Amino acid sequence: MNSTPKIHRDDLASKTGMWFFLFTEMLLFGGLFIVYSVYRFRNAEAFHLAAHELSIPIGTINTIILLISSTTIAMSITAIQKKNKNLALILLGITIFLGLAFLVNKYFEWGEHIKEHIYPGSAVLALRGQGDVLFYGLYFFMTGLHALHIIIGLVFICVIAVKIYRDKIRPDNYVLLENSGLYWHLVDLIWIFLFPLFYLIT
Amino acid sequence: MENEKNHIIPYRTFLYVLALLITLTITSVAITQIYLGTLTVVLALLIAAVKSSFVLRIFMHLKFENKIFSIAVVAIALLISVVILITFLDYLYR
């Protein structure tokens, strides 16, 4: 476990920094969940009916996709610890593929809504009343912000995969891989709450 | 630099957790299809909380890290819950 003695490295500090960033992310989404709960409380009926229009099968499949992708990136850390570079790369590749699959599903899901003229600012949606406008406003904003996190996570993981390929991340120095994993798990964590709140509780 | 305690989690553990998480997801979908009123919301959020605790403890290694990280995560969850509670006290009794 010796790196070049001259280069200062502090993995714990690096991980702590990542966690601090994740805390701000939790508070960002936490704030949105507060907005959601209040609007839901004040427009119970409209939220109930609007949530029925979301596809539970697609939501469930996307949840499972994210859970598997979280598992594969967690396993890639074990692989690098066991000095199995190829397996680590394969597992990251699967993670990236699953992340893209999630986005493709999201594209079709949003596409369906937009085809029915349901999107923020749509005149058709405005006719359906305040509750629907609020529900779909929050739905598009929160799943959109989440999808943005997925895209950022995918770019992050791609960079990490290249670094592993070039031996910049090694079995004795893999804190960056751990940090990208933490970010990806957070994205998964947020979806764990988004899914029941928008799709299931009707 | 001796930075790492190098705790290696076996592949198997992750697969067990994945199986559990998928089971919980399907359970929560099944439960919410039955009409139980307010209980549905409580159960769905409870299952989400259990799922996230597994993600945090195993996938995010919190179980093997310094306790301070876990304490901070719990503190943030409590902070958000308290703000939701206070917000609702306001809306319910104004």
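The values are calculated or read from the model by the stated rules, or taken from the named source; none is laboratory data. Note that the structure is a prediction, hence the values are computed from the model and not measured. A quick note on method: Cβ atoms are made from the backbone with ideal geometry, for glycine too, and the neighbour counts reach across all protein chains shown. Protein only, heavy atoms only, side chains kept; ligands, DNA and RNA dropped before computing areas. Shrake-Rupley method; radii C 1.70, N 1.55, O 1.52, S 1.80 Å.
What does the structure give for A:65-75 when I average, per residue, the other chain Cβ atoms found within 10 Å of the residue Cβ? Provide the component values of the computation, followed by the final result.
Values: counts 0, 2, 11, 3, 0, 8, 11, 2, 2, 11, 9.
Whole-number average of other-chain Cβ neighbours for A:65-75 is 5.
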CD proxy at 222 nm, helix term only [per DSSP H run n ≥ 4: -39500 (n - 2.57); per residue of chain B; nearest 500]: -25000 deg cm²/dmol
Sequence of A:HIS52, A:HIS113 when ordered by accessible area, the most exposed leading, probe 1.4 angstrom: A:HIS52, A:HIS113
Span from the the range B:47-61 Cα centroid across to the the range A:146-174 one, whole angstrom: 22
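Could you calculate the contour length gain from A:ALA123 to A:LYS83, that is, 0.36 nm times the residue separation minus the distance between their Cα atoms, to one decimal place in nm?
That pair, A:ALA123 and A:LYS83, stretches by 8.7 nm at full extension.
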Length released on extending from B:ILE34 to B:VAL83, taking residue separation times 0.36 nm less the Cα-Cα span: 14.6 nm
Probe 1.4 Å - accessible area at B:VAL82, Å² to nearest ten: 70
Average other protein chain Cβ within 10 Å of Cβ, residues A:47-56: 0
C-alpha long axis of helix A:11-42 to longest principal axis of chain A, angle in °: 10
Ranked order, A:ARG166, A:ARG128, B:ARG94 - accessible area, probe 1.4 Å, largest first: B:ARG94, A:ARG166, A:ARG128
The range A:46-202: relative contact order in percent, alpha carbon pairs under 8 Å with at least 6 residues between: 38
Extreme residue, positive dipole direction of chain B, given options B:MET60, B:ILE86, B:LEU24 (C-beta unit charges): B:LEU24
Heavy atoms of A:LYS15 accessible to a 1.4 Å probe, total area in Å² rounded to 10: 10
Peptide B:16-25, shielding by other chains (average Cβ, 10 Å cutoff): 4
Solvent exposure ordering (accessible area, 1.4 Å, most first) of A:HIS48, A:HIS149, A:HIS117, A:HIS8: A:HIS8, A:HIS117, A:HIS48, A:HIS149
